[in-house]
Structures are given as C-alpha cells and as structure tokens.
C-alpha cells in the first residue's frame, strides 16, 4: 500500500513539516517526509547552505496544541525525491497542478492533504496572525487524523 509518504507545500517550513510530524506520530511504521516547491534559497542556480528550520510560529502553535516536533530542515522538491514515495500529499490544488506539469509521472499519486475533508485546501499561514496559524494547524491535524484511518 502506501508506506512512503511525501508531504509538500510551498516553502516546507509551516504546513508540510507540521503534517509530516503529526503523521509520523500517528503512523510510526510509515516513512514520512516533507518538501517544498520553493524551499531552497538559490543564487546563480546553486543551493546556498542549509534549508530553513520550521517556522517558529508554526512550531509554537503545535506546542500549544500539545506537540513537540524534532529539528527540521526544509528541502526542495525534486524528481528524485518524488520517485522515492508512493503517495504525495499537497496543501492546495495549485501545488497538485504544479507537480502534474513538472513531474507528470507523479500526478496519479498526488492528492490533497485535505482530501478526506471534502477536498479542502489548507491555506498558507506564513507571516499571518496566530489565529490563522491555529486554524491551519487544526485543518492539518484533522486531515492527518483522516489519513491515519485510511492508511
């Protein structure tokens, strides 16, 4: 079935690491990782240094909801990364379309994280209020709980 799951968002610092850590806790026998469509800072086409850690506000909101997450390093979505996973979960339809265009071989295995919440998209909370981060955390948590029952 789906034993290797990749969770994708835009920058790989808020939504996808939150979902990754929640799914890892819920499904410890699965290999779960995350990546971002625009996760790496590049200069002249070359990666510059380490990927960003998880956004501090996203980490704080998770902690307020009873979750402590490990260290995180954002990584760029690549064809090689995609090929290593059975299921790719994205936050928005636009991200699913991006993957379909750039990596057509992955289209059939790419779904919304909010699929079981009537296909709900999960908005990007980056640089928004604590209330927005809390709302996004709740959507991610509900989505992960649904995926847990299906996987």
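The values are calculated or read from the model by the stated rules, or taken from the named source; none is laboratory data. Predicted model, so just to flag it, every value in this text is computed and none were measured. Methodologically, a virtual Cβ is constructed for each residue, glycine included, from the backbone with ideal geometry; neighbour enumeration extends over all protein chains shown.
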Problem - Complete set of residues in the stretch 92-104 that are buried (at least 18 other Cβ atoms within 10 Å of the Cβ) and either within 16 Å of residue 119 (Cα to Cα) or at pLDDT below 95 (or both) - result: 92, 95, 96
Practice task
Six or more apart or on different chains, Cβ under 8 Å: which pairs go from a residue in the stretch 122-136 that's at positive phi to one that's surrounded by fewer than 17 Cβ atoms within 10 Å (Cβ to Cβ) and at pLDDT 95 or above? Could you list them?
Solution key: none
Handout entry: Residue check, residue 118 modelled with pLDDT of 95 or more and on the phi > 0 side of the Ramachandran plot
Key = yes
Practice task
Check the stretch 90-102 and report whether any residue there is outside any helix (DSSP H, G or I) and over 12 Å from residue 7 (Cα atoms).
Solution key: no
Handout entry: Answer from 89, 112 - the residue that is in contact (Cβ under 8 Å) with a residue 40 or more places away in the chain, surrounded by 18 or more Cβ atoms within 10 Å (Cβ to Cβ) and either in contact with a helix residue (DSSP H, G or I) (Cβ under 9 Å, 6 or more places away or on another chain) or more than 17 Å from residue 34 (Cα to Cα) (or both)
Key = 89
Completion exercise
Considering residues that are part of a loop (DSSP other than H, G, I, E, B) and out of contact with any strand residue (DSSP E or B) (no Cβ under 6 Å at 6 or more places or on another chain), the number found within the stretch 75-89 is 2
Exercise for the section: Of all residues in the stretch 115-141, count the ones that are within 17 Å of residue 5 (Cβ to Cβ) and either assigned to a helix (DSSP H, G or I) or out of contact with any helix residue (DSSP H, G or I) (no Cβ under 8 Å at 6 or more places or on another chain) (or both). Expected result: 4
